[in-house]
Amino acid sequence: MSRASAEHLISLIVHKVRLVIDLLEDISLKKFPSETPRILIDIIKNICLALKHHALTTGEDTGSLDDEDIENELKIILSLLLDITPHLRFVEGASVERTPWDLVQPFEDFSRRIYQKTPIILRPQWAYNFTIRPNLIRTYKACLESILSDDEHRVLFDKCPEEIYVISFPGIERKNILLQSILGHELGHPIASEYLGNEDQSSYLSEIRDEVDKHITETDPTKRSQELSDKVKLIQMIRNHF
């Protein structure tokens, strides 16, 4: 790798960091129904600055790394920046004008009873689905572990919450009075995942499947084959249509 190639990658990284931080500063001017979005804004901003600093330091390295290692390191940094950029939608969508702002604080108070040290962000999405993203900070830590030094990593995440949960809901349901009950359901997913993670899923899924097959066979021996045949026909019809 030539020196010019390294400088080009560093220039790209510095430019991307500047773009992300400018966007974060614009987003931070919005009003939010709680402080959690601002916490995530600061985390993303600090990650970008840490990656920029590491890129500049790596580019100045003339001894411990060869040219190929430097190029790979800079490419990984650039890739991480591009991967984290879509997360700006989590904070941009959490503003007062896009969320049921009068619901956010009571819902956060409720979630705090379950996850004392885990703040949440409520944000709309265009997809008609309710989802929870429970491992945001853990993902950041894992991605940066191989890039930053132990000291850099510790300083970056020292004052961060252990985790932040991002709960997404269909934007068109923002004013739905029943929204809170469905959001409450989303809070249960991390608990269910932790519980099921300690279970032998292959074992109980097999038992459930066997019991269902047994019940279908006992009630109507022809029903199972007929249902499968109907499903195959339906799939073929859909494929032919599209």
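In the set Glu145, Glu152, Glu162, only one residue is closer than 22 Å to Thr85 by Cα, of a type in the set (D, E, K, R) and in contact (Cβ under 8 Å) with a residue 60 or more places away in the chain; that residue is Glu152. The sole residue among Ser28, Ser5 that is modelled with pLDDT under 95 and out of contact with any Cys (no Cβ under 7 Å at 6 or more places or on another chain) is Ser5.
Out of the stretch 1-33, which residues are in a helix (DSSP H, G or I) and among the hydroxyl-bearing types (Ser, Thr, Tyr)? Ser5, Ser11, Ser28, listed by residue number.
Output the residues belonging to the stretch 165-186 that are polar (S, T, N, Q) and either part of a helix (DSSP H, G or I) or touching a residue at least 24 places away in the same chain (Cβ under 8 Å) (or both). Steps first, answer last, please.
Going residue by residue through the stretch 165-186, those that are polar (S, T, N, Q) are 168, 176, 180-181.
Result: Ser168, Gln180, Ser181.
Across the stretch 105-159, the qualifying residues are those that are over 26 Å from Leu56 (Cβ atoms) and among the polar types (S, T, N, Q), and the one among them that is surrounded by the most Cβ atoms within 10 Å (Cβ to Cβ) is Ser111.
Does Val155 fit the bill of being at pLDDT 90 or above and part of a helix (DSSP H, G or I)? Walk me through it before giving the result.
Details: at pLDDT 90 or above: yes; part of a helix (DSSP H, G or I): yes.
Yes, satisfied.
Among the residues of the stretch 87-117, those that are out of contact with any strand residue (DSSP E or B) (no Cβ under 6 Å at 6 or more places or on another chain) and not in a helix (DSSP H, G or I) comprise Ser95, Pro100, Tyr115, Gln116, Lys117.
Which of (1) over 30 Å from Glu7 (Cβ atoms); (2) under 22 Å from the mean Cα position of the chain (by Cα); (3) modelled with pLDDT of 90 or more does Ser79 not meet, given it meets every other one? So the condition that Ser79 fails would be (1).
Among the residues of the stretch 34-42, is there at least one that is in a loop (DSSP other than H, G, I, E, B) and either on the phi < 0 side of the Ramachandran plot or aliphatic (A, V, I, L, M) (or both)?
From the stretch 34-42, those in a loop (DSSP other than H, G, I, E, B) are 34-35; that's our starting set.
Filter once more, so that each one left must be either on the phi < 0 side of the Ramachandran plot or aliphatic (A, V, I, L, M) (or both): 34-35.
Yes - at least one qualifying residue is present in the stretch 34-42.
Pro100 meets the conditions (1) farther than 20 Å from Ile43 by Cα; (2) of a type outside the set (Phe, Trp, Tyr); (3) buried (at least 17 other Cβ atoms within 10 Å of the Cβ); (4) out of contact with any Lys or Arg (no Cβ under 9 Å at 6 or more places or on another chain) in every case but one. The failed one is (4).
Looking at Ser181, is it polar (S, T, N, Q), within 30 Å of Trp126 (Cβ to Cβ) and at pLDDT 90 or above? Taking the combined requirement at face value, the residue does not satisfy it.
The values are calculated or read from the model by the stated rules, or taken from the named source; none is laboratory data. The structure presented is a predicted model; accordingly, all values stated were derived computationally and were not measured. Don't worry about glycine lacking a Cβ; one is built from the backbone with ideal geometry, like all the others, and counts go over all protein chains shown.
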